[in-house]
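Read through the structure below, which is laid out as structure tokens, and then see the notes.
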Amino acid sequence: MTRSKNDIWVGLFVIIGFAAILFLALQSANLLSLSFDSNYKVTAKFDNIGGLKPKAAVKSAGVVVGRIESISFDDKSFQARVTMSMQNKFAFPKDSSLKILTSGLLGEQYIGIAAGADDKNLANGDVISATQSAVVLEDLISKFLYSKAADNADKPAADKPAEKTTK
């Protein structure tokens with residue numbers, strides 16, 4: 001009788017331990033967000049979202065103020081439409097701007113919101129038009145390389161070292 005009671009307690013403890021590890025894994029991977037605050041949804045369009053994913057953070061001054069709910073493609077404007085769920089306790093002016101940022105050099109991407117100066121605040125269903133797309137590292141490297149190649153091609157022949165000929 002006492003052995004079966006101990007087995008039940010050990011089994012219950014193991015199940016609680018697995019549930020806690022699963023909860024922590026999902027929470028750290030941004031796959032689970034438990035929030036009981038009321039939210040409002042806003043939408044923004046970006047030319048390039050880079051590696052932005054649903055459930056990524058929306059931050060202002062480093063503080064998470066919302067999450068990305070969905071990402072879709074608008075086939076009329078050929079832009080990515082990002083829908084964000086913002087916490088009601090954070091009110092931002094209507095002329096706020098959004099920028100896709102990266103935490104660290106190769107970290108995850110998130111949306112940074114910079115508050116504007118309008119008297120009216122964002123409300124459910126509003127569209128934010130002031131957006132800045134993600135910086136794509138490959139584009140920066142190619143622009144740098146092409147500009148260096150153009151600089152070398154534009155140099156006059158007198159600046160280039162003379163080739164030696166041997167007879």
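Taking a point 7 Å out from the Cα of residue 77 in the direction of its Cβ, the residues of the range 41-60 whose backbone N falls within less than 14 Å of it are 42-49.
Determine the relative contact order of the chain: mean sequence separation of Cα pairs under 8 Å and six or more apart, normalised by residue count, in whole percent.
Numbers: 245 pairs, mean separation 35.8, N = 167.
It rounds to 21 percent for the chain.
Shape of the chain from its Cα gyration tensor (a ≥ b ≥ c, root eigenvalues): rounded if a/c is under 1.5, otherwise prolate when a/b > b/c, or oblate? Cα axes put the chain in the oblate bin.
Please compute the net charge surrounding residue 74, taking Lys and Arg as +1 and Asp and Glu as -1 over other residues with Cβ under 15 Å from its Cβ.
Once positives and negatives cancel, what remains is +1.
Dividing the summed helix terms, -39500 (n - 2.57) for each DSSP H run of n ≥ 4, by the number of residues in the chain produces a 222 nm estimate of -9500 deg cm²/dmol to the nearest 500. Taking Cα atoms only, the orientation of helix 2-28 departs from the longest principal axis of the chain by about 30 degrees.
Between residue 146 and residue 91, the modelled label-to-label distance comes to 4.6 nm, taking each label 7 Å out from Cα in the direction of the beta carbon.
From largest accessible area down, sort 136, 10; use a 1.4 Å probe on the protein chains.
Largest accessible area first, the list is 10, 136.
With K and R counted +1 and D and E -1, the other residues having a Cβ less than 15 Å from that of residue 13 yield a net charge of 0. Backbone geometry of the range 125-142 corresponds, through the Karplus equation with coefficients 6.51, -1.76 and 1.60 at θ = phi - 60°, to 3J(HN,Hα) couplings of x, 5, 10, 8, 9, 8, 10, 10, 5, 5, 7, 9, 4, 5, 5, 5, 5, 5 Hz, x marking Gly and Pro. Shape class for the range 70-118, computed from the alpha carbon gyration tensor (a ≥ b ≥ c): oblate, with a/c not under 1.5 and a/b at or below b/c. Pairs from the list 45/143; 53/94; 55/143; 59/89; 41/120 with a Cα-Cα gap above 22 Å: 45/143; 53/94; 55/143. Coupling constants for the range 54-62 follow from the phi torsions by the Karplus curve (6.51 cos²θ - 1.76 cosθ + 1.60, θ = phi - 60°), and in residue order they are x, 6, 5, 7, 10, 10, 9, 6, x Hz; glycine and proline get x.
The values are calculated or read from the model by the stated rules, or taken from the named source; none is laboratory data. From a predicted model like this one, the values you see are computed outputs, not experimental measurements. Quick reminder, even Gly has a Cβ in these numbers, built from the backbone with ideal geometry, and neighbours come from all protein chains shown. Ligands, DNA and RNA are stripped out before the accessible areas are found, and what is left, the full protein with its side chains, is counted by its heavy atoms. Shrake-Rupley method; radii C 1.70, N 1.55, O 1.52, S 1.80 Å.
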